[in-house]
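Contents: one structure, followed by commentary.
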């Protein structure tokens, strides 16, 4: 394939993944914006487990990361991604049925299944990067995540307009909408042409053999990228999960809380159209550091007051900070493995990532109920400081190696 054809195919693949991110990824915005509120609706007097369904969603992403990678290794990424959309649809069916039965734990299981389907969505960014020339990889990742800005509009609007569709059973219509979104996404994914990635990893032509997993994970650059990406994502989940509860607790309506999450998700994915260019100009580590500083700014705004604009501005800063931190860290990770190593590294990376994010979302509800909205935000600062310290050490190490 000529260089021009390779770039055209990389752009086509990234755009298909971006479209699917917009549609199938909308199920994530529905799950996140409605999960804690629906959980609170299903509980009685004690609301301390209200965020458990959101945790179930994140646990589903975490425990399915490795199985999703293994399935795609066996049947190819194209078929694997379509299967993932089917899992998302099944989760929507179970969650909807649970709301009709007023069954809290069945609802949490339905959220887990939606999360399991989203484990495949999380692999879109890696698949787009693996099918792109080296200098197009950051842009391919950005384009895919850029599809999330449409998910930020589609998901909350579906939730708002269908939330009372089956009244007096609240929220059931929103989760029924997940089924339709997953079906549309499966159709979009059927247009993929991933011939290179439908070949088992061992048959990919590569001059260097696959290394042991532990050797890859212990690379200083991989470790710093992993810790930075995990911290950015976990802090985002920690604050975002508690924010709807805090807004409703401060007297704002569920629709205002949902719109806040919509602004947040738009801020998560909107900058993706320029993040790749910023990485090319300023470097991956600089963009990650900027993202971490924006997360700290989110905490500062949230601590400044509880007006609606302060909630929304904090959530916007949280989203942009996540975008820079996560895309930059993902681009760093993509440099640390060889083609024959991609399945095991990507699966392990996402397992660690979403296991931590699941713990963060669970602790969000507990910290909010025990200590309040303020403490959710104070926790941001030491985590950001530690990651910035590690990025500084990595920069010093690179200068030392160049000088040696």
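Taken together, the values in this text are just the output of simple stated rules run on the coordinates, not laboratory data. Just so we're clear, the structure is a prediction, and the values are computed from it rather than from any experiment. All Cβ positions, glycine included, derive from the backbone under ideal geometry; neighbour counts span all protein chains shown.
For the pair residue 396 and residue 164, a Förster radius of 60 Å applied to the C-beta separation gives a FRET efficiency near 0.60, rounded to the nearest 0.05. In the chain, the DSSP-assigned H stretches of four residues or longer account for a calculated mean residue ellipticity at 222 nm of -27500 deg cm²/dmol, using -39500 (n - 2.57) per stretch and the full residue count as denominator. The three principal axes of the Cα atoms in the stretch 335-404 give end-to-end lengths of 51, 32, 9 Å, sorted in falling order.
The separation of the stretch 95-132 from the stretch 339-359, counted between C-alpha centres, amounts to 16 Å.
Using the Cβ-Cβ distance between residue 7 and residue 211 with R0 set to 22 Å, the FRET efficiency works out to roughly 0.15. Using the alpha-carbon atoms, what tilt in degrees (0 to 90, nearest 10) does helix 77-101 show relative to the longest principal axis of the chain? Approximately 10 degrees, to the nearest 10. Any chance you could give the angle, 0 to 90 degrees and rounded to 10, that helix 148-162 forms with the longest Cα principal axis of the chain? Between helix and principal axis, roughly 20 degrees. Once Cα Rg over 2.2 N^0.38 Å is calculated for the structure shown, the corresponding label among (i) 1.25; (ii) 0.94; (iii) 0.99 turns out to be (ii). When both the stretch 1-54 and the stretch 363-404 are represented by their alpha-carbon centers, they are found 25 Å apart. Take every pair of alpha-carbon atoms less than 8 Å apart whose residues are at least six positions apart; their mean separation over the length of the chain yields a relative contact order of 25 percent. One Cα centroid belongs to the stretch 310-336, the other to the stretch 153-185; the line between them spans 27 Å.
Principal-axis analysis of the Cα atoms of the chain puts helix 172-189 at an angle of about 20° to the longest axis.
The peptide list 332-340, 77-85, 113-121, put in order of mean Cβ contacts within 10 Å with the highest first, becomes 113-121, 77-85, 332-340.
Of the peptides 364-370, 263-269, 37-43, the order by per-residue mean of other Cβ atoms within 10 Å, starting with the highest, comes out as 263-269, 37-43, 364-370.
Stretched out straight at 0.36 nm per residue, the stretch from residue 389 to residue 44 would grow longer than its current Cα-Cα span by 119.8 nm. Packing-based ranking of 175-182, 297-304 yields 175-182, 297-304, ordered from highest to lowest mean Cβ neighbour count within 10 Å.
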